[in-house]
1. How far, in degrees from 0 to 90, does helix 47-63 lean away from the longest principal axis of the Cα atoms of the chain, to the nearest 10?
2. So what is the accessible area of the chain per residue, in Å², with the probe set to 1.4 Å?
3. If I fit a long axis through the Cα atoms of helix 2-25 and take the longest principal axis of the Cα atoms of the chain, what angle between them do I get, 0 to 90°, rounded to 10?
4. Considering region 25-76, what Rg and Dmax in Å follow from its alpha-carbon atoms?
5. Out of the GluC sites (Glu not before Pro) in the chain, which ones are loop residues according to DSSP with at most 16 other C-beta atoms within 10 Å?
6. Under 17 Å Cα-Cα from K14, which aspartates and glutamates qualify once same-chain neighbours fewer than 8 residues away are excluded?
Amino acid sequence: NPERMLTQYIEHRKARHAKVLQAVKSGCSNLSDIAISAYSDSPGANPALAQDQALSHLKELVRAGEVKRSSDGFVI
């Protein structure tokens, strides 16, 4: 069922996006710590891929004005 699969994918991305935002809200500011926090439910995730995906979410959060990028990393 392609529609169900696509819906699950979109919901998964939304949930991961929220986890990235929550990681920043909880005080994580550097990419590595944010990725570790956001992907804590996926211990087998490749760290480089987790960071790449976390950065993608962070760029969108910055674009939307929910997160700011500073010299210290990412902040609310």
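1. That works out to roughly 80 degrees.
2. Details: 5180 Å² over 76 residues.
Accessible surface, normalised per residue, equals 68 Å².
3. Helix 2-25 sits roughly 20 degrees off the main axis of the chain.
4. In order Rg, Dmax, the Cα atoms of region 25-76 give 10.7, 31 Å.
5. Working: sites: E3, E11, E60, E66; in loops: E66.
The qualifying sites are E66.
6. E3, D41, D52, E60, E66
The values are calculated or read from the model by the stated rules, or taken from the named source; none is laboratory data. Since this is a predicted model, take the numbers as computed values, not measurements. Backbone-built Cβ (ideal geometry, glycine too); neighbour counts: all protein chains shown. What goes into the accessible areas is simple: the full protein's heavy atoms, side chains included, and nothing from ligands, DNA or RNA. Shrake-Rupley method; radii C 1.70, N 1.55, O 1.52, S 1.80 Å.
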